[in-house]
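What follows is a short report on a single structure.
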Amino acid sequence: MIIQPKTRGFICTTAHPEGCAKQVQRQIEYVQGKPGISGIRNVLVIGASTGYGLASRIVSSFAAGANTIGVYFDKAAEGARTASAGWYNSAAFEAAASAAGRKSYSVVGDAFSDEIKAQTIELIRKELGQIDLVVYSVASPRRTHPKTGETFSSVIKPLGGTYSNKTVNFHSGEVTQATIEPATEDELRQTIAVMGGEDWQMWIDQLQEAGVLAEGATTVAYSYIGPEITHAVYREGTIGAAKNDLEATARRLNDQLTASGGRAFVSVNKALVTQSSSAIPVVPLYISALYKVMKEQGIHEGCIEQMYRLFSERLYGAGETLVDDKGLIRVDDWEMRPEIQAEVAKLWAELTTENVYELSDLEGYRREFFQLFGFETDGIDYEADVDPNVAISNLR
């Protein structure tokens with residue numbers, strides 16, 4: 001079939017297998033051109049098929065030579081429907097890892113469930129023995145609690161009052177004012193249940209109890225803080241409350257793992273184009289302005305550049321891992337440089353529909369959005385007939 005992008009709001013409902021494979025290969029080639037990383041043998045990535053999770057798996061395998069298990073919830077092609085981008089990404093990763101002689105396995109299912117945790121633990125025990133790095137990179141709008149059966153849904157809302165600010169339709173370029181009503185207490189509770197640290201804690205507890213977490217193991221989860229422009233809807237909103245819970249979990253896990261020489265961190269990463277960030281009002285316009293400034297300064301990074309820097313300089317670099325006064329690893333440090341934020345704030349004040357393409361990198365944002373799904377990728381013939389049915393090797 002000929003596969004073209006079909007969008008519904010901030011979601012692309014189709015994905016291109018060859019485009020996704022090309023994007024994965026580009027990331028692999030990037031880390032292969034960098035110095036190797038030592039200290040990682042067996043890695044579990046929970047939320048491994050897109051974004052920072054996928055990049056973490058690529059860095060682990062192709063920069064550190066590690067064996068990996070990826071857990072993710074993606075769907076294969078069915079009838080006239082393509083597979084999800086994460087499915088195609090993972091198929092491409094598994095093929096490349098196998099060709100490079102790395103052990104790699106995929107577990108597809110609900111990472112929140114006890115069943116998938118148990119299945120993953122058995123796979124670790126059988127194929128790898130123990131895990132020395134656990135990356136937690138789950139991004140989901142819903143979670144069913146494995147003990148109570150309650151299903152929670154997250155919301156992106158401010159707390160305490162109505163919030164208004166600029167936003168952009170990145171398809172049309174129209175800059176408008178977004179107004180968001182504050183979350184209720186129950187919406188806040190549910191968002192923390194989905195995006196907070198409880199499931200991360202459950203994973204580490206069960207891995208430890210099963211004896212498949214190595215002594216001295218490291219675990220890391222990902223977060224974001226961002227600038228004042230986005231604080232009301234992000235860091236000081238429902239998502240921020242969930243991230244606070246995630247960070248509190250990291251402190252508990254660090255205490256828990258210290259006895260066996262282990263460590264737990266939250267890494268605060270740079271704002272990037274992801275399916276999740278595209279859904280948050282204000283954020284796409286901020287990222288578009290940020291991209292313009294950082295590209296002009298020559299310090300722009302994507303997921304793979306961020307994760308290589310995290311692994312090579314922070315988690316497994318020489319000396320003690322550097323953290324801020326709250327114990328957080330900050331690889332958003334380039335984004336948050338005062339001179340970068342001052343220039344973004346200056347652009348923000350001037351941004352309108354009429355000048356958005358001039359004063360921001362909205363075109364770059366839009367292109368990266370489609371590249372998440374394998375489209376607008378150099379070297380791909382999008383008029384060619386392709387088979388949407390792609391198998392994932394080592395699927396468990």
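Taking region 51-74 as the region of interest, how many residues are in a helix (DSSP H, G or I) and either under 11 Å from Asn89 (Cα atoms) or not hydroxyl-bearing (Ser, Thr, Tyr) (or both)?
Just the residues of region 51-74 that are in a helix (DSSP H, G or I), to begin with: 51-62.
Keeping just the survivors that are either under 11 Å from Asn89 (Cα atoms) or not hydroxyl-bearing (Ser, Thr, Tyr) (or both) gives 51, 53-55, 57-59, 62.
Counting residues in region 51-74 that are in a helix (DSSP H, G or I) and either under 11 Å from Asn89 (Cα atoms) or not hydroxyl-bearing (Ser, Thr, Tyr) (or both) gives 8.
Specify the residue that is nearest to Val175 (Cα to Cα); the eligible residues are those in region 254-297 that are in contact with a strand residue (DSSP E or B) (Cβ under 9 Å, 6 or more places away or on another chain), of a type in the set (A, V, I, L, M) and at pLDDT 95 or above.
Filtering region 254-297 for residues that are in contact with a strand residue (DSSP E or B) (Cβ under 9 Å, 6 or more places away or on another chain), of a type in the set (A, V, I, L, M) and at pLDDT 95 or above, the one nearest to Val175 (Cα to Cα) comes out as Leu285.
Of the conditions (1) assigned to a helix (DSSP H, G or I); (2) touching a residue at least 40 places away in the same chain (Cβ under 8 Å); (3) crowded, with 23+ Cβ neighbours inside 10 Å; (4) of a type outside the set (A, V, I, L, M, F, W, C), Ser106 clears all except one; give me its number.
(1)
Among the numbered conditions (1) under 24 Å from Asn254 (Cα atoms); (2) touching a strand residue (DSSP E or B) at 6+ places or on another chain (Cβ under 8 Å); (3) buried (at least 17 other Cβ atoms within 10 Å of the Cβ); (4) not acidic (Asp, Glu), tell me where Phe152 comes up short.
So Phe152 meets the others, but not (1).
Is region 280-293 home to any residue that is in contact with a helix residue (DSSP H, G or I) (Cβ under 9 Å, 6 or more places away or on another chain), hydroxyl-bearing (Ser, Thr, Tyr), on the phi < 0 side of the Ramachandran plot and surrounded by fewer than 18 Cβ atoms within 10 Å (Cβ to Cβ)?
no
If a residue must be of a type in the set (Val, Ile, Thr), closer than 29 Å to Ser172 by Cα and in contact with a Phe, Trp or Tyr (Cβ under 8 Å, 6 or more places away or on another chain), how many such residues does region 306-356 contain?
Looking only at region 306-356, we keep the residues that are of a type in the set (Val, Ile, Thr), and these are 321, 323, 329, 331, 340, 344, 352-353, 356.
Adding the requirement that they be closer than 29 Å to Ser172 by Cα leaves 340, 344, 352-353, 356.
Then drop every residue that is not in contact with a Phe, Trp or Tyr (Cβ under 8 Å, 6 or more places away or on another chain), which leaves 340, 344.
Selection size over region 306-356: 2.
Taking the stated definitions as given, is Arg81 charged (D, E, K, R), crowded, with 23+ Cβ neighbours inside 10 Å and out of contact with any Gly (no Cβ under 9 Å at 6 or more places or on another chain)?
Criteria not met by Arg81.
Taking the condition of being within 15 Å of Gln208 (Cα to Cα) and free of Cβ contacts under 8 Å to residues at least 24 places away in the same chain, how many residues in region 127-150 meet it?
Qualifying residue count, region 127-150: 0.
Of these, Leu253, Leu272, Leu285, which one is touching a Cys at 6+ places or on another chain (Cβ under 7 Å), of a type in the set (A, V, I, L, M, F, W, C) and touching a residue at least 40 places away in the same chain (Cβ under 8 Å)?
Exactly one residue qualifies, and that residue is Leu272.
Mind checking which residues of region 111-142 are part of a loop (DSSP other than H, G, I, E, B), modelled with pLDDT of 95 or more and either within 27 Å of Gly39 (Cα to Cα) or among the small types (Gly, Ala, Ser) (or both)?
Ala111, Ser113, Gly129, Gln130, Ser137, Val138
Do you know which of the residues in region 32-50 that are part of a loop (DSSP other than H, G, I, E, B) and within 11 Å of the chain's Cα centre (by Cα) is farthest from Val107 (Cα to Cα)? Before the answer, list the steps.
In the first step, residues of region 32-50 are kept if they are part of a loop (DSSP other than H, G, I, E, B); the result is 33-41, 47-50.
With within 11 Å of the chain's Cα centre (by Cα) added as a condition, the list becomes 47-50.
Details: Gly47: 10, Ala48: 10, Ser49: 11, Thr50: 14 Å.
In this case the residue turns out to be Thr50.
Considering only region 327-366, state which residues are in a loop (DSSP other than H, G, I, E, B), free of Cβ contacts under 8 Å to residues at least 60 places away in the same chain and acidic (Asp, Glu). Full working, then the answer.
Going through region 327-366, the residues in a loop (DSSP other than H, G, I, E, B) turn out to be 327-328, 331-337, 351-355, 360-361.
With free of Cβ contacts under 8 Å to residues at least 60 places away in the same chain added as a condition, the list becomes 333, 337, 354-355.
Scanning region 327-366 gives Asp333, Glu354.
Only residues that are out of contact with any helix residue (DSSP H, G or I) (no Cβ under 8 Å at 6 or more places or on another chain) and assigned to a helix (DSSP H, G or I): list them for region 1-25, please.
Selection gives Glu18, Lys22.
Output the residue which, of all residues in region 288-326 that are aromatic (Phe, Trp, Tyr) and assigned to a helix (DSSP H, G or I), is farthest from Arg41 (Cα to Cα).
Per the criteria, the residue is Tyr291.
Residue-wise test of (1) under 20 Å from Val283 (Cβ atoms); (2) β-branched (Val, Ile, Thr).
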| site | (1), (2) |
| --- | --- |
| Ala139 | yes, no |
| His145 | no, no |
| Phe152 | no, no |
| Leu159 | yes, no |
| Thr162 | yes, yes |
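If you scan region 256-269, which residues turn out to be in contact (Cβ under 8 Å) with a residue 40 or more places away in the chain and either buried (at least 19 other Cβ atoms within 10 Å of the Cβ) or not charged (D, E, K, R) (or both)? Lay out the reasoning, then the answer.
Keep residues of region 256-269 that are in contact (Cβ under 8 Å) with a residue 40 or more places away in the chain, which gives 256-257, 260-269.
Within region 256-269, Gln256, Leu257, Ser260, Gly261, Gly262, Ala264, Phe265, Val266, Ser267, Val268, Asn269 qualify.
Conditions first: (1) touching a Lys or Arg at 6+ places or on another chain (Cβ under 9 Å); (2) surrounded by 17 or more Cβ atoms within 10 Å (Cβ to Cβ). Leu246 passes all but one, so which condition is the exception?
Only one criterion is unmet by Leu246, namely (1).
How many residues are surrounded by fewer than 19 Cβ atoms within 10 Å (Cβ to Cβ) and basic (Lys, Arg) if we restrict to region 219-243?
Looking only at that region, the number is 1.
The values are calculated or read from the model by the stated rules, or taken from the named source; none is laboratory data. Since this is a predicted model, take the numbers as computed values, not measurements. Cβ atoms come from the backbone with ideal geometry, glycine included; neighbour counts cover every protein chain shown.
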